[in-house]
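Following: one structure in structure tokens, then a few remarks.
The values are calculated or read from the model by the stated rules, or taken from the named source; none is laboratory data. Keep in mind the model is a prediction, meaning the values are calculated, not measured. Positions of Cβ are generated from backbone atoms using ideal geometry, with glycine treated the same way; all protein chains shown enter the neighbour counts. Please note that ligands, DNA and RNA were not included when accessible areas were found on the heavy atoms of the full protein model with its side chains. Shrake-Rupley method; radii C 1.70, N 1.55, O 1.52, S 1.80 Å.
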Amino acid sequence: MIGVVGGGVAGLAAAYRLQQRGHEVRVFEASEDLGGLAAVYETAGDPIEKFYHHLSKSEETIVELAEELGLGEEIVWRIGENAYYVDGVVHPMDKPWEILSFPHWSLYDKFRLGMLTLDIDVRGGIPSFDTYDSLADFEDVPVEQFAREHTTQNVYETFFEPLLDAKFGSRKADVSAAWLLGRIKFRGERDILHGEILGYLDGGFGRLLDALVDAVGRENITTGTRAIDVQTEDGAVTGLTTESEGAEDWTITEDHDVDSVVVAAMPNVLEELTGYPCEIDFQGTVCSVISMDEPLLDTYWLNIADEAPFGALIEHTNFVRKERYGGEHLLYVARYIQSPEEDIWQQDDDGVRETWLSGIESLFPEFDRESVNWVKTARNPRTAPVYERGYLDMVVPYDLSEEVADGLYYAGMASEAQYPERSLNGGIVAGYEVADRIDRKE
Ligand SMILES: Cc1cc2nc3c(=O)[nH]c(=O)nc-3n(C[C@H](O)[C@H](O)[C@H](O)COP(=O)(O)OP(=O)(O)OC[C@H]3O[C@@H](n4cnc5c(N)ncnc54)[C@H](O)[C@@H]3O)c2cc1C
């Protein structure tokens, strides 16, 4: 039997692929709910992800999985509108004429940024088409230095810097240029005239998780059960110990005989179970869904180049019709957290609500709090790696037979599939990579 630690998308995908290859699998999930970071809230209509989610056109494995599970037709691709908030004005940034009329950039700024997004290096006046081919060449280059040299000082200050502040906060100086280049390549397709094409599963990504759970078989998944130890003998995995709450505060500890263990959780869990250390730092997120009677924005995604307690505002119902949610307008308000000392991390749900609403009021004086129906807040201390310089040297290998013990595998967020951006697709790829390695070995 193969024990899978974690019932997020990576663990479920690993279990699914292993079963397809004829292996007996059991998934252990610590919390009562499956789905990990892709878990959902109920609404007046379709469920909605606790943390905002969409797909990029470059992500193929998740589309193939959806097709296998009978949901292929239900991935909907549409323009995810983007805008930038600067000095009290929202600037749409989708259509070529919108970008060309952005008043904070000169024509030269636009040319340099445009060339970088087309993968053309125009430094020194002679275009080079292969400078950006190898991300590894930029692994040790600080992102700020790169962005200033490969675009302009002004593009860095008015565009990249606010994005880096929102995404990495106080850690932005550590981030590598390879990450930025990878993100530019990862973005996938744009409709030249209308903007970036993003995907969403009709009815929410919870449907994909439900279909995976059905395919794996609920009887092979145990929730409310935390893995606490992996046993090895003569350099090979032999057992997995789990713990769950029994009646009247009893803790039930169980030992399971296993041939292999797949850890599909954050690397701190791998370290707790096996002692394998991972140097990658993770940031956390506080993310709320605000239900409103009225829309706040005209765009899906609003980046903010201004003082605000949140990094971005994402109005989900400007991407998916509000009718799917009983007619309510749903807005995500989120902030990445670098340290548990940060104010927003310390606040309870009421405090977070107040911080978000007063932040929205100061950016949008016409916003009326009376239009808010409810606010639900999710927090997680580990939601994204800090993609710092030298990151690729720190990723955790899929097969840890040499590093720890034969039969130990890793499919969590610190794996290579989750670079340069962590995603549902990356989780599925990591799960498959591990399943294929186990299958080849046996
Ligand atoms: C704010 C935010 C925005 C995002 N936006 C997008 C997006 O737009 N598009 C996209 O594709 N992806 C997005 N993602 C990323 C995506 O959600 C993740 O990459 C993916 O869900 C990770 O899946 P996972 O299975 O690797 O990890 P997780 O979802 O973290 O699952 C790990 C599971 O392991 C469990 N666990 C932990 N310890 C133990 C233990 N000891 N024993 C048993 N179980 C344990 C946890 O409870 C958890 O359920 C976003 C994530 C966040 C936080």
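Using amide H atoms built 1.01 Å from N in the peptide plane, name the residues 5+ places from residue 56, or on other chains, whose amide H lies under 5 Å from its own.
Sorted by chain and number, the residues that satisfy this are 199.
Given H placed 1.01 Å from N in the peptide plane, which residues other than close sequence neighbours of residue 191 have an amide H under 5 Å from its amide H?
196, 197
How far is helix 206-216 tilted, in degrees, relative to the longest principal axis of the Cα atoms in the chain, given as a value from 0 to 90 rounded to the nearest 10?
Roughly 20 degrees, rounded to the nearest 10.
What is the Cα convex hull volume of the chain when expressed per residue in Å³?
Normalising the Cα hull of the chain by residue number yields 153 Å³.
Please grab the % of Cα pairs in segment 236-357 that end up more than 23 Å from each other.
57
Size of segment 119-241 along its principal axes in angstrom, Cα-based, largest extent first?
62, 44, 30
As a check on your grasp of the helix formula, calculate [θ] at 222 nm for the chain: sum -39500 (n - 2.57) over DSSP H runs of n ≥ 4, divide by the residue count, round to the nearest 500.
Theoretical 222 nm ellipticity from helices: -8000 deg cm²/dmol.
So, with +1 on the Cβ of K and R and -1 on the Cβ of D and E, and no other charges, what is the size of the charge dipole of the chain about its Cα centre, to the nearest 20 debye?
Using Cβ point charges on Lys, Arg, Asp and Glu, the chain gives about 1240 debye.
On a 0 to 90° scale, report how tilted helix 349-363 is relative to the longest principal axis of the chain, with both axes built from alpha carbons and the result rounded to the nearest 10.
Roughly 20 degrees, rounded to the nearest 10.
What is the set of long-range amide H partners of residue 8 at a cut-off below 5 Å, with H atoms built 1.01 Å from backbone N?
Under 5 Å from the amide H of residue 8: 35.
Calculate, for the chain, the solvent-accessible area per residue in square angstrom, rolling a 1.4 angstrom probe over the heavy atoms of the protein chains.
43
Report, as a whole number in µm² per second, the diffusion coefficient that Stokes-Einstein gives for segment 23-66 at 20 °C and 1.002 mPa s using the Kirkwood radius over alpha carbon pairs.
D = 163 µm²/s.
May I ask you to derive the relative contact order of the chain, considering only C-alpha pairs under 8 Å and at least 6 residues apart, and to give it as an integer percent?
Dividing the mean separation by the residue count of the chain yields 24 percent.
Based on the Kirkwood radius over alpha-carbon pairs, what is the Stokes-Einstein translational diffusion coefficient of segment 298-438 at 25 °C with 0.890 mPa s viscosity, in µm²/s?
D, rounded to a whole number, is 135 µm²/s.
Which value, in debye to the nearest 20, describes the size of the charge dipole of segment 8-103 about its Cα centre when Lys and Arg Cβ atoms bear +1, Asp and Glu Cβ atoms bear -1, and nothing else is charged?
240
Using every pair of alpha-carbon atoms in segment 1-130, split the distances into 5 Å bins beginning at 0 and state the percent of pairs per bin, rounded to integers.
2, 7, 11, 12, 13, 12, 10, 10, 9, 8, 4, 2, 0
Using the Cα centre of the chain as origin and beta-carbon charges of +1 (Lys, Arg) and -1 (Asp, Glu), tell me which of 125, 27, 2 is placed farthest towards the positive end of the dipole.
Looking along the dipole axis, the top candidate is 125.
Carbon and sulfur: what percent of the chain's accessible surface (1.4 Å probe)?
Summing carbon and sulfur atoms, their accessible area is 46 percent of the total for the chain.
Treating only the Cβ of Lys, Arg, Asp and Glu as charged (+1, +1, -1, -1), what charge dipole size does segment 322-427 show about its Cα centre? Round to the nearest 20 debye.
It works out to roughly 280 debye.
If you take every residue apart from residue 11 with its C-beta less than 12 Å away from the C-beta of residue 11, what net charge results, scoring Lys and Arg +1 and Asp and Glu -1?
So the environment of residue 11 carries a net charge of +1.
Between beta-carbons, use under 13 Å as the cut-off and find the net charge around residue 326, counting Lys and Arg +1, Asp and Glu -1.
-2
How much net charge surrounds residue 133 when only the other residues with a Cβ under 12 Å from the Cβ of residue 133 are counted, with Lys and Arg +1 and Asp and Glu -1?
Once positives and negatives cancel, what remains is -3.
Give the accessible area for residue 252 in Å² (nearest 10); use a 1.4 Å probe, count only protein heavy atoms, and leave out ligands, DNA and RNA.
My reading of the accessible area for residue 252 is about 80 Å².
So how many Lys-Lys pairs in the chain land under 23 Å Cα to Cα, not counting same-chain pairs under 8 apart?
Eligible lysine pairs with Cα atoms under 23 Å apart amount to 14.
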